[in-house]
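Beneath this line is the structure, given in structure tokens, with notes to follow.
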Amino acid sequence: MSLAAVGALAVGFVLDTAFEEFPQRVHPVALFGRVVAPLDRSWSHPRLVGTGSTLCLPIGAAAIAGVATALAVAVGPIVGSAVAGLAVFATTSLARLTSVAEDVIDQTTTDPAAARGSIRALVGRKTDDLTPAQLRSAAVESAAENLADGLVAPLLAFALGARVSLAVGVAGAAWVKAVNTLDSMLGYRSKPVGGASARLDDLVMWLPARASAALLALAGRSPRALARGHEWSNTPTSPNSGWPMATLAAVLDVRLEKYGAYVLNPDADLPSVERAREGVRVVGITGVVAFVLCGVITWS
């Protein structure tokens, strides 16, 4: 089964590199989002609805993915590995993340207005008044943060679960991705229904965020960046997102700033085009390293 799991990781990586993501109309995460969307309204008992959906929806997604994989494995190990590879592809994102970030950075030198539109694929903040340097900061921050929740977290869940069985690995990745999607759609202070999903996401992301920070320091060939980043890791309100963002700020020796919310590495300058591109390159290398290390986990 370890060979099948490594094969699934390889399939997922190749598909991500070649196609970036499923078409939106059939993307499993987008389909899950359509299930979640009706929850985003006023409820007479929002916390009860939020807790119930947080418990049930990710388990439902994990069950569907796990059963589909188990049926595929029953047909044959190659079929099972291929289906699991599709699941890895569906629940992770690396090429799309880096390509969007690179586009934003390039547009800051040629068309800042276009960059303000493109960055909305990565951030939820208001972008109309961001300067080119602030746009580059947002792109680098988001690349680091999304590396943790969009790649490392589901990969790690798959690798650990695949040590039990391929179906468990896929179910783990699907569960983590569902938890993260719930949080991204509902987990805001202005939405009482999202309180449970936000708290669960905080717990789920505790290890992946710190693992991502360590991998960024490794990929950036700057071991001390992890310790430096730790100084600013608690500046954002999130207990987790500060770790990869602050570590990457230390690797690049740049200031990353969300105006009115936090400043990381405050004594440095906002990223130039060259430093921002280097940041995305480090994120890309980190993603490849994460795939390799998860392959080692499944094989050992």
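When the chain is treated as a GNM with alpha-carbon contacts under 10 Å, the residue of S233, S53, S137 showing the greatest mean-square fluctuation is S53.
The shape of the range 164-240 comes out oblate: with a ≥ b ≥ c from the C-alpha gyration tensor, a/c is at least 1.5 while a/b does not beat b/c. For K126, a cut-off of 16 angstrom between C-alpha atoms picks up these aspartates and glutamates, skipping any fewer than 8 places away in its own chain: E141, E257. Here the range 120-157 and the range 209-279 have alpha carbon centers that stand 12 Å from each other. Taking Cα pairs under 8 Å and at least six residues apart, what relative contact order does the chain come out at, in percent? This gives 23 percent for the chain.
Under 1.5 on a/c is rounded, so check that first for the range 73-176, then, if it is not, pick prolate when a/b is larger than b/c and oblate when it is not; a ≥ b ≥ c are the square roots of the alpha carbon gyration tensor eigenvalues. Don't skip to the answer; put the middle values down first.
Details: a/c = 4.20, a/b = 2.94, b/c = 1.43.
The shape class here is prolate.
Each Cα pair under 8 Å and six or more residues apart adds its sequence gap; the mean of these over the residue count of the range 74-137 is a relative contact order of 27 percent. Taking the square roots of 5 times each eigenvalue of the Cα gyration tensor of the chain, largest first, gives ellipsoid semi-axes of 31, 23, 18 Å. The trypsin sites (Lys or Arg not before Pro) of the range 1-68 that meet both conditions, a loop assignment by DSSP and at most 16 other Cβ atoms within 10 Å of the site Cβ, are R41. Counting other Cβ atoms within 10 Å, which trypsin sites (Lys or Arg not before Pro) in the range 82-185 have at most 11 and lie in a DSSP loop? Passing sites in the range 82-185 are K126. In terms of its alpha-carbon gyration tensor, the range 227-269 comes out oblate; a/c meets the 1.5 threshold, while b/c is at least as large as a/b.
Among the trypsin sites (Lys or Arg not before Pro) in the range 202-285, those placed in a DSSP loop whose Cβ has at most 13 other Cβ atoms within 10 Å are R221.
Bear in mind that the values in this text are calculations on the coordinates, not laboratory data. It should be emphasised that the depicted structure is a prediction, and the values quoted were computed from it without experimental measurement. Quick reminder, even Gly has a Cβ in these numbers, built from the backbone with ideal geometry, and neighbours come from all protein chains shown.
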